[in-house]
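Notes to accompany the following structure.
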Amino acid sequence: MLAIRCQARLDDARRDQELYGDLISLIGTGDEPPAGAPPDVRSLLEQLETEGALLSGEELWQLRLLLDQTGFAHAWLRKNRRDTPGLSRLLGELTPLPALHRELGRTLEPSGDVRDDASPDLARIRRSIHTLRQHLALKLESILRGLGIAESFVTLRDGRYAIAVPASQRRQVPGVALGYSGSGTSVFLEPREAAEANSQLADLFMDELGEVNRVLRELSALARRDREGLARDLACLARLDAAQAVSAWAEAQGGVLPALTDDRSLRLRGARHPILVERHARGEMESAPVPLDLELDRGSPLLLVTGPNMGGKTVALKTVGLSALLAMAGLPIPAATGTTVPWFDHVVCDIGDEQSLLEDVSTFLSHLRRVAEAISLATPQSLVLLDELGSGTDPTEGAALGQAILERLLERKTLCLATTHHGALKSFAQETAGVRNASMAFDEETLKPRFTLILGVPGRSRAIQVAERFGMDRAVLERARDLLPRGERDLGVLIEELGRLKAEVAREREELSQTRLRLAEREGELKTALSKLESERRERKQAELQARRDLLRKLESQIDDYRRKLRADRRASSETLEEARGLARRVSESIDAETEWAPASDRGVPVQRVREGDRVYVPALQAEGVVLSSPDQDGRVRVKVGGATAVLPIGTLRRDAGEAEERPGGAPAAAGGANRLGGAGAAKPPLRQEIEIPDVPREIDVRGFEPDDAIRAVEVFLENAIMGGVDSARIIHGKGKGILRERMKRWLKDQPTVKEFRLGELREGGTGVTIVVLG
C-alpha cells in the first residue's frame, strides 16, 4: 500500500482503476478471488541470485507457500465467468510452476524437515538409525535393570545414548562420562557395551546430514532456475493483496472511482476527507463529515473561498487536493457518483505554516516560497491550492500581492482553489470573469460553522463571533464591535442577506427537484398500471380465444361422431363431412391468426324449443343453419350449416326475436310477416329434405403401390364407399409375385365393415383383382 504512487500517465491510472473496480464489484458476491497474502520471500530470491546458494528446508517451504497461493489464484482465474478485465490481466501474469511446486511438496514437510522418502538413500539411512536406536535403547534398559540403581534412566546426550545415574554411584557403571546435569547431582555415562553402537549411530547421523544437504541443494537449484517466475508471482500476489486492501478501504469509506478525463473540469460530488470519515467510523466524531460539492472548469477556473475561522476552508482545500492525488494514483476517493477529476501535470499546495527558527524562515516567507513555486510550475493542466492567500503581512499589500497571483493563474487557465480573509480579494472575485466567490456557511444562532460550501456568495470572517463562542471577555467583544467601521458592518449584513436569499433559492430548487421526482415516480406508477391493464386485456383476449378453440375442438369431435354414425346409415358423402371440417378449420385458423373474427353472440334470442326445419343461428360459426332433428335425450340437435351437418347443444343456438316458436298444439306462431333470418316476405316452409349423396368410385387401382401405402389408400376408398352407400367394391392390385395380394387379403380379414371378399373371376380381372362386399 505504501508503495502506491501517482501514475505518470492517464492510461496507467485508468488501468489501476479497472483493477480496483473489478474487486469492488465482486465484494459480497461470493465470487471474490482468494486473498493475496504471499510470504515475503524477497530476501530468499536475492540469495538465489548467487549460483550454488543453499536454502534451508524452512526457507524452501516459504517458496512452496508462495506457489500454493499462486495456484489458488490461477485456479480462480480459470473458473471465473465474470467480466473482470483488470483482475484477469493481473492474474494472467502468474506462473504456477507446477514442477517446482510438486517437488517441494514431495520432499519437504510443512515444518521444513526433509521427508524420509525424499530419496532412497535417505530412507535407508533413517531406517538404519531407527533400528540401531531401538537396539541401543533395549540394551541400555537391560543394563539399567541389572544395576538396580534408583533414580537412573536412559537418555540421549549429544547424539549418543547414555545412562543417567546419581554422581555418587558413578563407579557402578563401567564406561565413559559424557557430562553432568545442571545441578551436578547426575552424571551421564556411556557403558562400554554401547560405545560401538553409539559410534555407528553417529556415523549414520553424519550420513543423514549429508544426504539432507544434497536434497536441499537440489531443491535450491530448482528454485534458482525458476527464480524469475517466483519473483513475478510474488509481485502479482503482492499487487493483488494491495488491490484487495484498496477495495476493502473503498467499501468502508463509501468511496467511488472517479471519472478520469482530459477535459479541464474538476467536479466533486459529496467529497469527504478520508481522515474525517475514518474518525467518524471509530466513533471519535458525533456527526458524519459534511460532504463537499464544487466545480472548476475552463470557464471558471478560480474559486475564492472566504468565511469564518474554523469554518472548514482549509479542510475543503485538503479534501480537493487529496481527491486529486488519489484519483491520479487510480485509487477510489470518498465521494459520490458523478465525481470527475481531470489529469493534472502538477498539484501545488500552500497549506499550513512552515515557519522554522532553525532555517530562519518566517510565516510570510514560507507562503512566498510555495506561491513562487506555484507560479513557476502552473500550466493549464495544473491544480493550485492556496490557503490564507495574502496573509502574514500588511493587509493592503497582502491583498494586492494576492490579486496579482490570482491574475497570473487566471491568465494561464490554471485550476485554482484559494482561501482568504481579504475584502479586496472578494471584490476582485465578484468583478472578474473566470473567478467566483464562495463561502463556508455559519449558523448565526449557535455561532457554529456548518462546514457547507456555498457557491456564489462571499463570506465574513466572523472573528468577533468566533471569539465570543470560545468565551472571550464580553467588554472586549463590545469594544471590538464599536471599532468595526460602519461600512464593514453594513457589508456584512448585506452579505448575510444575500446568503439567506441564496439559501432560500437553493431550498426552493430542492423542493422543485423533489416535486419533479415525485411526478416522475407517479408517471412511472401510471405507466406500470397501464401496462398491467394492457396485460390483463391480452390475457382476457387469450382466454376468449382459448374458449373459441375449445368450442371448435368440440365441434370437430361431434363431426367425427356424426361421421361414424353416417358410415352405418350411409346417408352422407365424404365431401359433405370434409366441407364441415373445412369450415371449422378455417374458423380455427382465423382465431389462431388473431384476426378480428368474433361471434355475434348477442344476435337474436336463445332457442328454447326447435323442430325439424327450423332456421337457427350458430354463433360459434357465425352462420345460419337448418334443424334436421329434434333434441335427443342429451339436448343435442343436428343442424345443417351450408353443406355440412353438426350436432350441437340446443343452448348454443339462437333465433331472431320474431322467428316462430313451436306452440303446444304443434302449429307455429305468427312471425310478424317477415323472417329475419331469411329476408322479407312470407315465412319459408320448414326445410326437411334428404341430403343428396353424389356418386362415389366403386373401384381403386393400387398397382405399383408399396403395401403400406396401398392399404392406407384402400382404407380411405372403402370408407367413402360405405358413406356413399356402395354395396361392393373392386380393388385392383395386380398379379405379380402375389405379395400385395396376400398383404391385402390379411388386412381385409380384420375389417369389420367388410362382409366378405374374394378374388375376381376371369372376366373380372382374375387373381389381379379382389372383390369386396360391404356390410
Please indicate, with yes or no, whether at least one residue in segment 210-217 is open to solvent by less than 20 Å² (accessible area, probe 1.4 Å), out of contact with any Ser or Thr (no Cβ under 8 Å at 6 or more places or on another chain) and assigned by the TED database to the domain that holds residue 27.
no
Would you mind stating whether residue 260 is open to solvent by less than 20 Å² (accessible area, probe 1.4 Å), over 22 Å from residue 386 (Cβ atoms) and in contact with a helix residue (DSSP H, G or I) (Cβ under 8 Å, 6 or more places away or on another chain)?
yes
Within segment 153-181, restricting to residues that are among the small types (Gly, Ala, Ser) and either in contact with a Lys or Arg (Cβ under 6 Å, 6 or more places away or on another chain) or assigned to a strand (DSSP E or B) (or both), the one that is surrounded by the fewest Cβ atoms within 10 Å (Cβ to Cβ) is 179
In segment 756-766, is there at least one residue being under 60 Å from the mean Cα position of the chain (by Cα), closer than 18 Å to residue 698 by Cα and open to solvent by 70 Å² or more (accessible area, probe 1.4 Å)?
no
Does residue 414 satisfy the condition of being farther than 17 Å from residue 307 by Cβ, of a type in the set (S, T, N, Q), in contact with a strand residue (DSSP E or B) (Cβ under 6 Å, 6 or more places away or on another chain) and at pLDDT 75 or above?
yes
May I ask you to list pairs of residues, at least six apart or on different chains, whose Cβ atoms are under 6 Å apart, with the first in segment 236-254 being part of a helix (DSSP H, G or I) and the second being among the polar types (S, T, N, Q)?
237/69
Options 453, 401: the member that is closer than 26 Å to residue 340 by Cβ, at pLDDT 85 or above and surrounded by 15 or more Cβ atoms within 10 Å (Cβ to Cβ)
453
Say we look at segment 291-340 and pick out the residues that are open to solvent by 10 Å² or more (accessible area, probe 1.4 Å) and touching a Cys at 6+ places or on another chain (Cβ under 8 Å); which of these is nearest to residue 430 (Cα to Cα)?
325
Note: among 60, 55, 19, just one is crowded, with 19+ Cβ neighbours inside 10 Å, assigned to a loop (DSSP other than H, G, I, E, B), modelled with pLDDT of 90 or more and not hydroxyl-bearing (Ser, Thr, Tyr), namely 55
Contact list, first residue from segment 400-429 and touching a residue at least 12 places away in the same chain (Cβ under 8 Å), second anywhere and of a type in the set (Lys, Arg), beta-carbon distance below 7 Å, six or more apart or interchain, is 413/298; 415/264; 419/313; 429/436
Hits in segment 696-746 - residues which are open to solvent by 70 Å² or more (accessible area, probe 1.4 Å), part of a loop (DSSP other than H, G, I, E, B) and closer than 21 Å to residue 763 by Cβ:
697, 698, 703, 727, 735, 736
Has segment 93-103 got at least one residue that is open to solvent by less than 50 Å² (accessible area, probe 1.4 Å) and closer than 29 Å to residue 204 by Cβ?
no
Restricting to segment 314-368, and then to whatever is in a loop (DSSP other than H, G, I, E, B) and among the polar types (S, T, N, Q), can you tell me which residue is modelled with the lowest pLDDT?
355
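So that you can scan it fast, the table gives a plain yes or no per residue for (1) within 34 Å of the chain's Cα centre (by Cα); (2) among the basic types (Lys, Arg):
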{"position": "43", "(1), (2)": "no, no"}
{"position": "46", "(1), (2)": "no, no"}
{"position": "52", "(1), (2)": "no, no"}
{"position": "55", "(1), (2)": "no, no"}
{"position": "58", "(1), (2)": "no, no"}
{"position": "70", "(1), (2)": "yes, no"}
{"position": "73", "(1), (2)": "yes, no"}
{"position": "77", "(1), (2)": "yes, no"}
{"position": "81", "(1), (2)": "yes, yes"}
When you scan segment 182-207, how many residues do you find that are open to solvent by 10 Å² or more (accessible area, probe 1.4 Å) and either in the same structural domain as residue 96 (by the TED database) or of a type in the set (S, T, N, Q) (or both)?
5
Quick one: in segment 424-445, which of the residues that are at pLDDT 70 or above and open to solvent by 40 Å² or more (accessible area, probe 1.4 Å) is farthest from the chain's Cα centre (by Cα)?
424
List pairs: first residue in segment 157-178 and touching a residue at least 60 places away in the same chain (Cβ under 8 Å), second residue among the charged types (D, E, K, R) and open to solvent by 70 Å² or more (accessible area, probe 1.4 Å) anywhere in the structure, Cβ distance under 8 angstrom, at least six positions apart or on different chains.
none
Only unsatisfied item for residue 33, checking (1) under 24 Å from residue 96 (Cβ atoms); (2) part of a helix (DSSP H, G or I); (3) touching a helix residue (DSSP H, G or I) at 6+ places or on another chain (Cβ under 6 Å), is (2)
Matching residues in segment 258-284 - criterion: being among the β-branched types (Val, Ile, Thr) and in a strand (DSSP E or B)
261
Flagged pairs (Cβ under 9 angstrom, 6 or more apart or on separate chains; first in segment 199-220, more than 22 Å from residue 59 (Cα to Cα); second among the charged types (D, E, K, R) and assigned to a helix (DSSP H, G or I)) are 201/133; 204/126; 207/121
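The values are calculated or read from the model by the stated rules, or taken from the named source; none is laboratory data. Values in this document were obtained by computation on a predicted structure and should not be read as measured data. We place every Cβ from the backbone using ideal geometry, glycine too, and count neighbours over all the protein chains shown. Ligands, DNA and RNA are stripped out before the accessible areas are found, and what is left, the full protein with its side chains, is counted by its heavy atoms. Shrake-Rupley method; radii C 1.70, N 1.55, O 1.52, S 1.80 Å.
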